[in-house]
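Heads up: the structure comes next, in structure tokens.
Read the figures in this text as sums done on the coordinates, not as results from a lab. On a predicted model such as this, the values are computed, not experimentally measured, just so you know. Because the Cβ atoms are built from the backbone with ideal geometry, glycine has one as well, and the counts that use them run over all protein chains shown.
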Amino acid sequence: MNRFVAMIWAFFIFACASSAQVAKAVRPDRWDTATLDLLATLPIQENGRIKPLSAYAAQMLYKIHGRRDMKLDTDGDGKADATLDPTEWLLDVLFQPSVAADFPLFRIENVEVLDAIGIEHTSGQRFDFEYISYRQLVATGTGKQPAESLWQMASSYSRKPQESLVPVEAHILRTNQCVSAYSDLYGLLAPLYEPVPLRGEPMRAMFPGREEITFAELVRKGSELADLVRKAKENPSDPALGNAMEVASVLTEVAQRGSRLAIFPPAGNADTAPEWAHMASLAESSLRQGEKEDQFLMLDALQGAVSGPDEESRMASLRKFRNTAVARAQMRGEYDKVALENYYLAASWHYQALHWFLLAILVVGASWLAPRSKWLWVASVGATVIPLCMLVGDVVLRSVVRGRPPILNLYDTFLFIAAIGVLAAVAAEIVTRRRVAIFLAPVFGAMLVALARAFEVESGEDQMGPLQAVLDTNYYLATHVTSINMGYAAGMFASFLGLSWLLLNAIGFRRGDEAFHKSIVRATYGVTAFGLVFAVFGTIYGGVWANDSWGRFWGWDPKENGALMICIAQVALLHARMSGMVRDFGFCVAASLIGIIVAFSWFHVNLLGIGLHAYGFSSATKVALFRYYAIQGILTVLGAAGTALQLARRSAVVGVAAPATR
């Protein structure tokens with residue numbers, strides 16, 4: 001119930017703030033490029049991590065909207081003709097709440113959700129998504145608000161086991177989480193919008209000549225107000241007190257329910273005062289400890305950005321707030337990575353690499369049309385190396401921003417494995433020069449980068465967030481985690497190579513070119529052997545880390561078992577190949593299926609909910625994994641069946657032709 005009350009409280013302040021503004025059908029262009037660039041680098045603290053406002057904005061837009069931008073229809077023709085980036089959207093939510101309330105924000109994938117919460121729609125289930133605004137959710141009428149219905153149903157469904165939820169119930173839960181996150185986001189500046197009225201002589205004496213005050217002015221007098229309330233606690237209903245109790249309750253309400261996003265850096269150094277202040281802590285400290293002048297000056301500037309007399313003064317106050325926050329963060333030594341992270345987000349090298357990978361696929365396809373052209377082969381290699389360098393640069397820059405090895409969470413594994421897999425493919429192509437590995441390289445890279453971006457949006461979490469305490473060791477992150485993921489990368493790409501051999505043979509591609517098909521098998525063998533080295537080293541070093549952290553080398557944890565499964569499968573395959581138990585056909589079938597084992601160890605063990613590595617659960621990820629298992633298995637079976645049929649036909653032809661040649 002507290003969550004719903006907080007949401008209604010946020011909307012109450014939103015409604016009061018909106019009443020003084022005229023609703024506009026067309027969003028005003030308030031944020032020029034220079035202002036956006038300036039505010040994108042505003043430092044904030046969330047979960048102990050200092051990061052730019054742009055990173056927080058992107059995280060919240062992913063979580064609430066499910067996209068990386070906000071599409072708007074500003075002329076009413078039903079088509080998107082304006083696009084807001086995450087920072088621009090967040091600034092609208094904070095400083096133009098009545099405008100942002102009409103944005104098509106919450107994505108509804110099942111229209112039964114709209115029926116359930118009482119929002120009308122003009123069509124049935126569609127292939128695309130419906131988007132509803134915050135104003136639609138909190139619209140008042142003869143019945144309950146849709147937001148109230150949503151919250152009540154979500155509260156009921158949250159008590160059910162997740163596996164028993166039907167799709168519409170799961171979607172209602174997800175939508176309620178998005179609405180709650182938006183309410184919390186709006187609550188960041190909500191107290192600044194509504195002036196506080198004053199009644200009674202004690203209150204007017206505290207603020208001479210004023211009939212109402214701003215929240216920032218109230219915070220400055222919080223300790224005096226608390227003293228007044230304490231002296232009058234024996235008779236709180238005394239008319240002589242005026243509305244002192246009501247005014248004090250404003251501070252109490254903000255202290256209890258205000259936003260916990262820290263935006264006020266303290267004056268001390270980072271070692272003695274690591275925690276930044278947020279709106280709730282300022283309200284609480286004003287009541288209990290008196291003033292903190294350095295942070296209250298920043299609150300004054302922020303108040304001016306909300307309630308200044310004109311647009312020019314409001315923007316000047318906002319710039320002052322930002323510059324003060326930057327100066328204080330610099331003095332504390334906490335700003336050096338903020339601008340770099342903002343650059344990393346803006347540059348988005350991995351996303352640029354995705355487009356180059358798609359171009360490389362076309363170049364490689366053109367080189368297949370002219371198989372004797374050396375220059376097209378060189379161009380295809382070059383077109384793949386360019387996005388590879390972008391991807392490597394992205395991983396390196398990400399590591400520099402965090403001051404950590406390249407892999408800290410599941411999201412990092414996508415980019416790292418994509419880079420290693422493409423690098424292995426380029427190396428295999430240079431050795432074989434058969435244009436198969438170089439074709440698979442950009443496909444592999446593009447697929448994993450696309451999956452990384454989908455995972456980031458679906459999770460809606462800070463992918464550069466702080467580590468769990470047990471993982472906080474750069475040494476083992478750089479050895480065990482990096483090595484095991486290099487094994488994942490090689491195992492996945494070997495699976496791609498093995499499957500490609502099966503499919504190419506199944507369709508009869510270059511049927512008489514034995515050297516071509518042998519080169520793919522050799523590449524699969526080499527990449528598998530490469531992956532085994534790192535899988536074994538990473539697994540052993542994982543045991544060393546476990547012994548150091550948990551006091552035992554091996555505990556049959558699902559993640560440990562998954563790594564061991566990869567090692568056993570690859571060792572068995574290589575031994576079977578060396579001993580002659582399997583030849584090209586059996587080797588490629590097994591290599592293709594090992595990709596499923598790699599995916600299970602890479603991701604699925606994290607979703608089991610048991611063991612010390614159970615983290616990052618996502619129903620969408622689980623569904624995607626099962627789809628991969630099905631697709632990989634079906635393609636392997638089809639490729640194996642088609643290849644077996646081709647081999648049988650060749651044997652039959654040889655058997656018929658043999659007597660005639662004797």
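Report, in whole Å, the centroid distance computed from the Cα atoms of region 37-107 and region 300-347. Comparing the Cα centres of region 37-107 and region 300-347, I get a distance of 17 Å.
Rounded to the nearest 500, the helix-only mean residue ellipticity at 222 nm of the chain stands at -21500 deg cm²/dmol, with each DSSP H run of n ≥ 4 adding -39,500 (n - 2.57). When the chain is described by a simple charge dipole with +1 on each Lys and Arg Cβ and -1 on each Asp and Glu Cβ, the residue from Thr479, Gln59, Ala366 located farthest towards its positive end is Ala366. Once the gyration tensor of the Cα atoms in region 348-466 is diagonalised, the equivalent ellipsoid follows with semi-axes of 29, 13, 11 Å, ordered largest first.
A Förster radius of 56 Å, combined with the Cβ-Cβ distance separating Leu362 from Asn243, puts the computed FRET efficiency at roughly 0.20.
Straight-line cross-link reach from Lys221 at under 21 Å between alpha-carbon atoms covers these lysines, not counting any fewer than eight positions away in the same chain: Lys231, Lys233, Lys292. Using alpha carbons only, the radius of gyration of region 128-178 set against its Kirkwood radius gives Rg/Rh = 1.01.
Fully extending the segment from Thr83 to Asp310 would add 79.1 nm, taking 0.36 nm per residue of separation and subtracting the current Cα-Cα distance. The trypsin sites (Lys or Arg not before Pro) of region 359-467 meeting both criteria, a DSSP state outside H, G, I, E and B (loop) and at most 16 other C-beta atoms within 10 angstrom of the site's C-beta, are Arg372, Arg433.
Using a cut-off of 25 Å between Cα atoms, the listed pairs Lys374/Lys518; Lys63/Lys622; Lys71/Lys320; Lys63/Lys160; Lys51/Lys320 include Lys71/Lys320 as exceeding that distance. Comparing Ala427, Val457, Ile407 along the charge dipole axis of region 348-466, the residue lying farthest to the positive side is Ala427, per the Cβ-charge model.
Round to the nearest 10 and give me the degree value, 0 to 90, for the angle of helix 338-347's Cα axis relative to the longest principal axis of the chain. Here the helix axis deviates by roughly 50 degrees.
Treating each Cα of the chain as one equal point scatterer and applying the Debye formula with no solvent, the log10 of I(q)/I(0) at q = 0.05, 0.07, 0.10, 0.12 Å⁻¹ comes out as -0.32, -0.59, -1.05, -1.33. Under the combined filter of DSSP loop state and at most 11 neighbouring Cβ atoms within 10 Å, region 491-557 retains these trypsin sites (Lys or Arg not before Pro): Arg552. Positive end of the dipole of the chain (Cβ unit charges, origin at the Cα centre): among Leu261, Tyr525, Gly491, the Cα lying farthest that way belongs to Tyr525.
The residues neighbouring Lys320, those whose beta-carbon lies less than 12 Å from its own, together hold a net charge of +2 under the Lys/Arg +1, Asp/Glu -1 convention. The slack between Ile568 and Arg260, meaning 0.36 nm per residue of separation minus the straight C-alpha distance, is 106.0 nm.
The stretch between Asp548 and Arg49, if pulled fully straight at 0.36 nm per residue, gains 177.0 nm over its current Cα-Cα span.
Charges were assigned to the Cβ only: +1 to each Lys and Arg, -1 to each Asp and Glu. The resulting dipole of region 246-385 about its Cα centre is roughly 920 debye. Each residue of region 483-662 gets 114 Å³ once the volume of the Cα convex hull is shared out per residue.
With contacts taken as Cα pairs under 8 Å and at least 6 residues apart, the chain reaches a relative contact order of 10 percent.
Using the Cβ-Cβ distance between His575 and Asp294 with R0 set to 60 Å, the FRET efficiency from 1/(1 + (r/R0)^6) comes to roughly 0.30. Report note on the peptides 90-100, 164-174: ranked by the mean count of other C-beta atoms within 10 Å, highest first, their order is 90-100, 164-174. Using label points projected 7 Å from each Cα along Cα→Cβ, tell me how many nm separate Arg210 and Ile631, to one decimal. Inter-label distance under the simple model: 6.1 nm. Remark on Ile108: its backbone amide H falls under 5 Å from those of Glu130, Tyr131, Ile132, a criterion applied only to residues 5 or more positions apart or on other chains, H modelled at 1.01 Å from N.
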